[in-house]
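Presented below is the structure to which this report refers.
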Amino acid sequence: MILSRYKISGFALSHLAQLLFVVFCMGCLSPIEIEGITTYLGGQLVVSGEISTIAEQNIIQLGLTASTERVPFPLSGAMVTVMDNIGNAYSYPEDPLRPGFYVLDNVTGVMGVAYHVQIVTSEGKVYESTTEVMPPPPGAVKTNYEIVNQEHTDGEGTVTTSPFVKVYADVTLPESTKSLNLKWTSNEDFVLTPTDFPDPFAQVPPSCYIAQNADPQRITLLNSDNFSTASFDHVLIASRLVDWTFLERHYFTTYQSSLTDEAYEYWRKVNILSNNVGSIFDTPPAEIHGNIVNVNDPTEKVHGYFQAANEVYDRFFLLPADFPFPLLFDGCSFESFSTQYPPRCLECISVRNSSYNRPGWF
Amino acid sequence: MGDFTLRVLAVVIFSFLFTEVAAQQEWEIPWTVMGDSADLVPNTRVTITGRIKMKGSDGPVTGASVSAETFKHFDYSDQNGRYVLDMPPGRYRVIVRHVGMKPVYLKLIVLSPSVLDVEMEEGVTDLGEVVITSRPIDSNVRQALPGITTLNVQEIKTLPTLMGEVDILKSLQLMPGVSSVGEGSSGYNVRGGRMDQNLVLLNSAPLFSTTHALGFVSAFNQDILNNFTLYKGNVPANMGGRASSVLEISTRRGNFEKWKYQGGVGPITSRFTAEGPIKKDKTSLLLAGRVSHADWVLNMVHDPDVKRSSLFFYDGYAGLSHRFSKSSLADVSFYSSQDKFQYSQQFGYRWNNMLVNGKWQALADRKASPTLTVSYGKFKSTLIDPYGVDASELTNVMNYFQLGESVNYNPNDKHSIVAGISGIGYFPEMEKIRGYKGNTAISSQAVAKNHGIELAVFANDEFDIAENLSLSVGLRYSHYTHIGADTVYTYHADVPRTEESIEDTLYYSDFQKIKSFGGLEPRISARISVASNQSIKVSYNRMRQYIHLISNTTAPTPIDLWQVSNEYLPPQIADNYSVGYFWNLKDNKWETSAELFYKSMDNLVEYKDFPTLFLNRHLETELLTGQGRAYGGELYIRKLKGKWTGWISYTYSQSQVRVQSRNGSESINNGNWYESSYNKPHMFNLVLDRKLTNNGAFSLIVSYNTGRPLTAIESSYIVGGTVVPVYSERNKYRIPNYFRVDLSFTIGNVIRKLDDSLVFSVYNLFGRDNAYSVFYQRPASNYLIPKPYKLSVLGSPLPSLTYNFKF
């Protein structure tokens, strides 16, 4: 369930259309080409990232908007610097293994300090964000999970039953802070060990580590003004289909972030847009204005948001033995008589969001 | 088209071939002398007046045609059933007709002014020259007002329906100039106007919600309805309060002589009506109820969430009529409806309508009749979020009171005057949110809503200037006051209104005047007869609207807010112009018209991007006002008589909106005109009805229209792992065009001694997968942007069988 400032629910409205679909339709969802639509290469800058009170969260991602049905493009070769109001400047170097990802290590944001980001692209264009003041701490979070078999309807209207891991947060708000804007994100990290084919040199291919948002389209937001208690349990943060990624150790890290009013408003709008399905019960979509501008050309459209986030996290992992049923997915272990292996077993780095970098805590 | 459809067609054709049509007219009656030969004055004209009323109930029959010598002398009964014939002394054959009633044949020897009351009774009309209309058959040519659509529930009972539910709103959408966002959406749009610009009057009192089941089922039980008239071109001055149209729905009175019962069982509802005298010839009662049993539809679906869902609705009606004397009649009616809809554990809606209405009519003499109406209504909507730490329910309640006094005055057969005053007060309760079923985590909140009082004084005269020229001239003055108690925020000028730009806070006590609006609303139309069966009509009217539906979705939802005008939300003002050519052919067997219209609208409510509309103490910070314009042409050909009746309607129209702001940051589509969400340039409807013996009928509907506008995804980007679509300008594209064929077959007299019928209906006969909307579905990988799919909610033939009975 989505928690918003006034908790009214575009969610309910968008699900009305889905209800109509499942009640009356039963197989009448068919792809169409919208007449007259111009499929163009987007090419507009997208900035997404933050400075956090958790060092490993200091990531700024740069990309370019993509045309319809295309994956958005990463933007490499930029210089990314975060500056504060007490004269510090922190450079976010690009991760050589993940184009478009700019990472700052060993620095943490401080409550009450104002930050902004400056981006200089390889073409020499300069972009800056508005200032974000690091908000107060978000309280405490404790996560738990349950594994449930859940019927769900896919895009073609077929109903199937599959196991899901549901991640919940038990939240405690700090008593001293009157109003908090909270957002939760659940990231997943898992390892993928490629097939170790016999070879005369006995070389073992390196494992890949995949880090990504566990339920990227779920944006859970809450404004503490709407609640009369300082703690509440069982807030659903992520719902993750059980698949081959659980064949080895699989981490879930839940971040509870305290955001500025402006950042919270930005995510509220993203939440509306990402839940829109085009139905007649949708809120009319509109452009979301972030906080990044081209210094020399303020009219240029730039998407995204740079935020200062005061965060806490909780992490747990699952092993195959934690599941009450065997995980019958194709693994990557070598078998003498098999000639067919999934592509991920042959070149694990080809899997989206993978790298050879093993997180220190993994 | 599969075997099923072919079988349906075979049954229809088979039944058709073996149908007999009977048509007999009864002129074998004696002559009746009207007046006294001693009063006969040669070379003068004689007036015959009287009332046409229902046999047994004394209720007036509105819109019955009274025709002497094949329309040489003609009138139709007004809302009190009165008529006037003006003719030279002589012998006349007179026919009184009304759909769904047995025609009355009279042979009169008219000598001097006389009174002749006529009683009509329900029954089968003769099939030889059946007149399928609830109004005088040449009224489209003769009356001064253009753009009027009048239907009787009898006319639509045999039309194909969705799940067997007779629906007056869906039937109106088959007429030119009337459309909706899409099938299954609640509300309708008239000549490019918005849904909330349509005033729906049930027995003269406004009704805020007109549908059940999220828009799929009409809120009106067919068994209680009498006539319904849609004024889309020119609205008489005695009606107002909305900018686009008025739909006037009247219910029946209970029988004054004996108890009668009727009802029906359909796939998703059952209904029952009882009516009869409490005191014979004095007091009658009509009780009606309809209840849904639609959960089986949800249980048939495999989706587990839908299986756990529930849908329930009911509506009830009670009407009490008392005749104090022959010239004084009072009606009290009570209407109530409720909808409960729960989608699994995810969300739920509840909404209720309640309307109490009192009406007293006095027929002081043959020329004047005052009418007093008193109404109280309540519309309550609740959004339920039953799951999670924020489980809550949000409730909005609109209370309104209406009082009106009008006088119909007919000094002679040349003038028809109505004048009076009316007032309506809107008193919404505080908008409230609280924890759902004992959930104490969520904070309870309440936000005060604005109150307002609308007053109007009006006069309208429809009169003949010459043989070939008649006018309807009306003037309405409406005045609205936003009253306390309230808290009003003032904002810094020249900057967008936001919470941060609040300059001052003003407090007003109960009933203290805060802001007033008002103005004249002229209503003028003229009819110029080109020939006895042809006329040209022109009209202009201005309408003001002081209450607005706050709805930021393409189609309205049950939980949308009704908001009265205030300092920041001025009244919507619409100017409607129309001109039309009306031509009846072959002794009114065919009725044709061609109309052009133009409408300009001011102060349309629009919204800033991503507005927060609920529980907002500063709602004005989320609202914008814009302009609207709509124009188009309508063609209408209808066959009124014969075995085959029906109509063809075609509408070409454009409806556009423009929202500009002083600083440009709050414009929509850069301040340019853009298409409204319901703009469908081409709309075509064909309705065919074939009456069969024993109350049987065969009906066919063919509908085609341009797809509605769509705001489509043009590109995308990712923030924090979430794919965010980038949309086009507002309503830049269109969903595919719409085409549907429906068919119904009615068998009458199924059980002997019962006046009953069985209606077999197939909605979307060919199973065409029309686009209800474009539906964006995310591919298996979350890292791709959503792809467009065509969503067809009624994409297969939907048969239904409904049994109706009466005894």
From the residues in segment B:605-618 that are farther than 14 Å from A:PRO284 by Cα and within 12 Å of another protein chain (Cβ to nearest Cβ), which one is nearest to the chain's Cα centre (by Cα)?
B:PHE614
Quick check: anything in segment A:51-67 modelled with pLDDT of 60 or more, surrounded by fewer than 20 Cβ atoms within 10 Å (Cβ to Cβ) and assigned to a loop (DSSP other than H, G, I, E, B)?
yes
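Inspect segment A:305-320 for any residue being at the interface with chain B (Cβ under 8 Å from one of its Cβ atoms) and buried (at least 18 other Cβ atoms within 10 Å of the Cβ) and give the result as yes or no.
So the first thing to find is which residues in segment A:305-320 are at the interface with chain B (Cβ under 8 Å from one of its Cβ atoms), and the list is A:305.
Still in the running and buried (at least 18 other Cβ atoms within 10 Å of the Cβ): A:305.
For segment A:305-320, residues at the interface with chain B (Cβ under 8 Å from one of its Cβ atoms) and buried (at least 18 other Cβ atoms within 10 Å of the Cβ): present.
Mind checking whether some residue in segment B:665-681 is of a type in the set (A, V, I, L, M, F, W, C), within 14 Å of chain A (Cβ to nearest Cβ) and in a strand (DSSP E or B)?
For segment B:665-681, residues of a type in the set (A, V, I, L, M, F, W, C), within 14 Å of chain A (Cβ to nearest Cβ) and in a strand (DSSP E or B): absent.
Matching residues to (1) more than 8 Å from chain A (Cβ to nearest Cβ); (2) touching a residue at least 24 places away in the same chain (Cβ under 8 Å):
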position	(1), (2)
B:PHE698	yes, yes
B:SER703	yes, yes
B:VAL719	no, no
B:VAL723	no, yes
B:TYR727	no, no
B:VAL741	yes, yes
B:PHE745	yes, yes
Note on segment A:42-61: residues touching a residue at least 40 places away in the same chain (Cβ under 8 Å), at the interface with another protein chain (Cβ under 9 Å from one of its Cβ atoms) and among the small types (Gly, Ala, Ser) are A:SER48, A:GLY49
Take B:GLU729 and tell me if it is closer than 30 Å to B:ARG497 by Cβ and in contact with a helix residue (DSSP H, G or I) (Cβ under 7 Å, 6 or more places away or on another chain).
yes
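Suppose we filter segment A:226-244 for residues that are under 19 Å from the mean Cα position of the chain (by Cα) and more than 13 Å from chain B (Cβ to nearest Cβ); how many remain? Explain how you work it out, then say what you get.
First pass over segment A:226-244, keeping only residues under 19 Å from the mean Cα position of the chain (by Cα): A:235-243.
Narrowing further to those that are more than 13 Å from chain B (Cβ to nearest Cβ): A:242.
Residues in segment A:226-244 being under 19 Å from the mean Cα position of the chain (by Cα) and more than 13 Å from chain B (Cβ to nearest Cβ): 1 in total.
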Conditions: (1) assigned to a loop (DSSP other than H, G, I, E, B); (2) under 13 Å from B:PRO176 (Cβ atoms). B:ARG638 meets all but one. Number of the miss?
(1)
Cβ-Cβ under 7 Å, sequence separation 6+ or interchain: first residue in segment A:212-225 and under 20 Å from A:LEU180 (Cβ atoms) and within 8 Å of chain B (Cβ to nearest Cβ), partner of a type outside the set (A, V, I, L, M) and part of a strand (DSSP E or B). Which pairs?
A:ILE219/B:THR722
Those residues of segment A:321-356 which are surrounded by 18 or more Cβ atoms within 10 Å (Cβ to Cβ) and touching a Ser or Thr at 6+ places or on another chain (Cβ under 9 Å), in sequence order:
A:CYS332, A:ARG344, A:CYS345, A:CYS348
Please indicate, with yes or no, whether at least one residue in segment B:591-604 is within 30 Å of A:VAL270 (Cα to Cα) and assigned to a strand (DSSP E or B).
yes
Of all residues in segment B:619-635, which are assigned to a strand (DSSP E or B) and either more than 14 Å from chain A (Cβ to nearest Cβ) or touching a Phe, Trp or Tyr at 6+ places or on another chain (Cβ under 8 Å) (or both)?
B:LEU623, B:LEU624, B:THR625, B:GLN627, B:GLY628, B:ARG629, B:ALA630, B:TYR631, B:GLY632, B:GLY633, B:GLU634, B:LEU635
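Which of the following residues is of a type in the set (Phe, Trp, Tyr) and over 21 Å from the mean Cα position of the chain (by Cα): B:TRP562, B:TRP590?
Only one candidate qualifies: B:TRP590.
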All conditions in (1) in contact with a Gly (Cβ under 8 Å, 6 or more places away or on another chain); (2) at pLDDT 75 or above; (3) farther than 30 Å from B:ASP331 by Cα are true of B:TRP31 except (1)
Having 2 or more residues that are crowded, with 17+ Cβ neighbours inside 10 Å is the bar; report the strands (runs of 3 or more DSSP E) wholly within segment B:476-556 that clear it.
B:486-491, B:513-531, B:534-545, B:547-550
Residue, nearest to the other protein chains (Cβ to nearest Cβ), within segment B:181-216, restricted to residues that are within 12 Å of the chain's Cα centre (by Cα) and assigned to a helix (DSSP H, G or I):
B:MET195
Condition met for B:GLY626 (surrounded by 19 or more Cβ atoms within 10 Å (Cβ to Cβ) and either of a type in the set (Gly, Ala, Ser) or without any contact (Cβ under 8 Å) to a residue 60 or more places away in the chain (or both))
yes
Taking the criterion of being modelled with pLDDT under 70, closer than 16 Å to B:ASN584 by Cβ and not hydrophobic (A, V, I, L, M, F, W, C), would at least one residue in segment B:121-134 satisfy it?
yes
Are there any pairs with C-beta distances below 6 angstrom linking a residue in segment B:226-237 that is under 19 Å from B:THR62 (Cα atoms) to a residue that is assigned to a strand (DSSP E or B) and of a type in the set (Asp, Glu), with the two at least 6 apart or on different chains, and if so which?
B:THR229/B:GLU248
Any idea which of (1) at pLDDT below 95; (2) more than 24 Å from B:PHE614 (Cα to Cα) is the one B:GLY518 doesn't satisfy?
(1)
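The values are calculated or read from the model by the stated rules, or taken from the named source; none is laboratory data. Please read these numbers as outputs of a predicted model, since none were measured by experiment. In this analysis, Cβ positions are derived from the backbone assuming ideal geometry, glycine residues included, and neighbour counts consider all displayed protein chains.
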